[in-house]
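Derivation of every value follows stated rules applied to the coordinates shown; laboratory data play no part. These numbers come from a predicted model, not from an experiment. Here the Cβ is made from the backbone with ideal geometry for all residues, glycine too, and neighbour counts use every protein chain on show.
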Amino acid sequence: MDVVKVPLGARSYEVRIGSGLLAGAGEQIRPLLRRPRVAIVADQGVAALHLDVLKAGLQAAGIDSVSLVLPPGEGTKSWAEFARTTEWLLAQKVERRDVVVAFGGGVVGDLVGFSAAVLRRGVRFVQIPTTLLAQVDSSVGGKTGINTAQGKNLVGAFHQPALVLADTGVLATLSARDFLAGYGEVVKYGLLGDATFFDWLERNAPAMAAGDEVLRRYAVRRSVEMKAEIVARDETEEGDRALLNLGHTFCHALEAATGYSDRLLHGEGVAIGCALAFELSHRLGLCPAEAPERVRAHLSAMGMKVTLADVPGDLPDADGLLALMAQDKKVQDGKLRFILARDIGEAFVADDVDTGTVRTVLQEALAARA
Ligand code: GLY
């Protein structure tokens, strides 16, 4: 098992990474408990595959559990499911000193984390992320929340988990598409801050995607190390944490344009967004042409979506996409915020990006769809 610490003073915690952690979850969680009982909130698909193993793992350490199963999909991050989850936790008599377990991907982690943040003004929770995306990104760093009619993640709280258990063995049950979507966030870490990790991914990611467990564990660990380091510097995104949003301004516009549907998964949008952010950086004279070329070549080699041509169905024109970007919550004082790069592994936050250049990049990317 690998352990990455997230050093946040009194709210510090560990991310433990390894294959088979579910079966030993009881031993890992037991030291956090005042009484041997937890409430688990699980994604339906994950529950069908893995809930028995988790419950048996808890029981082996003498921990009783009750569980609520939520429907899969982004639609679950709603007021209705938030209310249902919170009421259920109250009905289960979860007390201030108890621990709630979020068992699933980013949807369950964000929703349950938010419930835990407000339940009795805050109870501790353990993240057991089961997707690659959740293991490398959403389960770490304490961002929790739900979506509303106004947009994604507009209601929520910073609430750090007490522990994260990332069982890399569970990744074997993901579809190839879901694995690669999560991989979009892994690539993001190399691109934003560690060129050596990106080199490593160029060499090793095909074997990792094919199932190599040792490579998977290293990729998750390195991603989590980078996230932990950034979150420790800037927990509430006053500055550097925004680097984690590389590719996300483009991504959020594309997700909105495709109705947050199966047409484009979040991690797929991140990968396309990273390629566009590097192209934009090049067009602004900030980074060499080889950088966006290398990003696109790697995503292609992985069989991932790379450009707007890979997004099925209609898309708005460049001005329509710019309008969607302007609604993003990362807009500050009406200015579009982008994460740009001077080269691979050298990203920075830019608040004064020329809209005309963004429009040109989008127009050219849209023209390539014809
Ligand atoms: N997913 C971006 C962050 O946690 O800040």
## Note on the structure
Within the chain, the percent of DSSP beta bridges that are antiparallel, given to the nearest 5, stands at 40 percent
### Task
Count neighbours as other Cβ atoms within 10 Å of each site's Cβ, and list the trypsin sites (Lys or Arg not before Pro) in the stretch 78-112 that are DSSP loop with at most 10 such neighbours.
K93
### Message
Considering only C-alpha atoms, what is the centroid distance from the stretch 78-112 to the stretch 201-240, in Å?
### Response
27 Å
### Query
For A23 and A326 in one chain, what is 0.36 nm times their gap in residues minus the Cα-Cα distance, to one decimal in nm?
104.5 nm
### Summary
One checks the Cα atoms of the stretch 151-197 and finds Rg and Dmax, in Å, of 14.5, 36
### Query
Relative contact order for the stretch 1-49 using alpha-carbon pairs under 8 Å, separation at least 6, rounded to a whole percent?
23 percent
### Task
Show the residues, 5+ positions off or on another chain, whose built amide H is closer than 5 Å to the amide H of S67.
I40
### Summary
Once normalised by the length of the chain, the mean sequence separation of its alpha carbon contacts under 8 Å that are 6 or more apart gives a contact order in percent of 15 percent
## Note on the structure
Of the residues F348, T85, F179, the Cα lying farthest along the dipole of the chain towards its positive end, which is defined by charges on the beta carbon of Lys, Arg, Asp and Glu, belongs to T85
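Give the shape of the stretch 265-370 as rounded, prolate or oblate, defined through the alpha-carbon gyration tensor: a ≥ b ≥ c are the square roots of its eigenvalues, a/c under 1.5 means rounded, and otherwise the shape is prolate if a/b is larger than b/c and oblate if not. Kindly include the intermediate steps, with their values, before the conclusion.
Details: a/c = 1.57, a/b = 1.09, b/c = 1.44.
Verdict is oblate for the stretch 265-370.
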### Query
Just how many pairs of Lys in the chain have C-alpha atoms closer than 16 Å, counting pairs that are eight or more places apart or on different chains?
11
### Task
Run the quick spin-label model on V155 and D352: label points 7 Å from Cα toward the beta carbon, then report their separation in nm to one decimal.
3.8 nm
### Message
Within the chain, which whole H helices from DSSP have a Cα span along their axis of at least 15 Å and a mean Kyte-Doolittle hydropathy of 1.0 or more, if any?
### Response
106-118
### Message
Let me make sure I get this right: for the stretch 207-309, a, b and c are the square roots of the gyration tensor eigenvalues over alpha carbons, sorted descending. Under 1.5 in a/c it's rounded, otherwise prolate if a/b > b/c, else oblate. Which is it?
### Response
rounded
### Query
How high is the FRET efficiency between D314 and A289 when r is their beta carbon distance and R₀ equals 25 Å, given to the nearest 0.05?
0.25
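With a ≥ b ≥ c taken as the square roots of the eigenvalues of the C-alpha gyration tensor of the chain, please select rounded if a/c is under 1.5 and otherwise prolate if a/b is larger than b/c or oblate if it is not?
On the way: a/c = 1.88, a/b = 1.60, b/c = 1.17.
Prolate.
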## Note on the structure
Rounded to the nearest 500, the 222 nm mean residue ellipticity computed for the chain from DSSP H runs (n ≥ 4, each -39500 (n - 2.57)) alone is -13500 deg cm²/dmol
